[in-house]
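Inspection log for the structure reproduced underneath, given as structure tokens.
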């Protein structure tokens, strides 16, 4: 399984990043992508500040990518997650999976995204337009419920 994993501050181009998963391949019939975007909140969000522990975060996300590959016959998986200050309208995360069939690709992509929303070692803090620090953000109840189906 081709595995691409990067944590970075810089924005990314989703189409360009996912190309290696399908380029030159005739054995796959599906490439599923998900791009998570920072949305403006009604309470005056200026940006999300995302932190991680370098080395540990990559190792843990890579382990979950390998688990997706063991669970579904996917040909490739990609995860790019940004850290630092991310403003509303900017992409935060890109998850892509390639497989012979769409069901496998969709399931593996959902599995990875559910993990990233609930258990990945990232810390997110809201930065408000008025200059004050907002709350730390944790998984929502619906995110936790979505993750339970994979256990």
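Taken together, the values in this text are just the output of simple stated rules run on the coordinates, not laboratory data. Just so it is clear, the structure is predicted and the values come from calculations on it, not from any experiment. All Cβ positions, glycine included, derive from the backbone under ideal geometry; neighbour counts span all protein chains shown.
Being in contact with a helix residue (DSSP H, G or I) (Cβ under 7 Å, 6 or more places away or on another chain), more than 22 Å from residue 35 (Cβ to Cβ) and touching a residue at least 12 places away in the same chain (Cβ under 8 Å), is that true of even one residue in the range 122-140?
No, the conditions are met nowhere in the range 122-140.
So which residues in the range 59-85 are surrounded by fewer than 22 Cβ atoms within 10 Å (Cβ to Cβ) and farther than 13 Å from residue 4 by Cα?
Within the range 59-85, 60, 67, 70, 71, 72, 73, 83, 84, 85 meet the criteria.
State the number of residues belonging to the range 105-119 that are in contact with a helix residue (DSSP H, G or I) (Cβ under 6 Å, 6 or more places away or on another chain) and either without any contact (Cβ under 8 Å) to a residue 40 or more places away in the chain or more than 16 Å from residue 18 (Cα to Cα) (or both). First the steps, then the outcome.
So the first thing to find is which residues in the range 105-119 are in contact with a helix residue (DSSP H, G or I) (Cβ under 6 Å, 6 or more places away or on another chain), and the list is 108, 111-112, 114-115, 117-118.
Among the residues that remain, those that are also either without any contact (Cβ under 8 Å) to a residue 40 or more places away in the chain or more than 16 Å from residue 18 (Cα to Cα) (or both) are: 111, 114-115, 117-118.
Residues that pass the stated criteria total 5.
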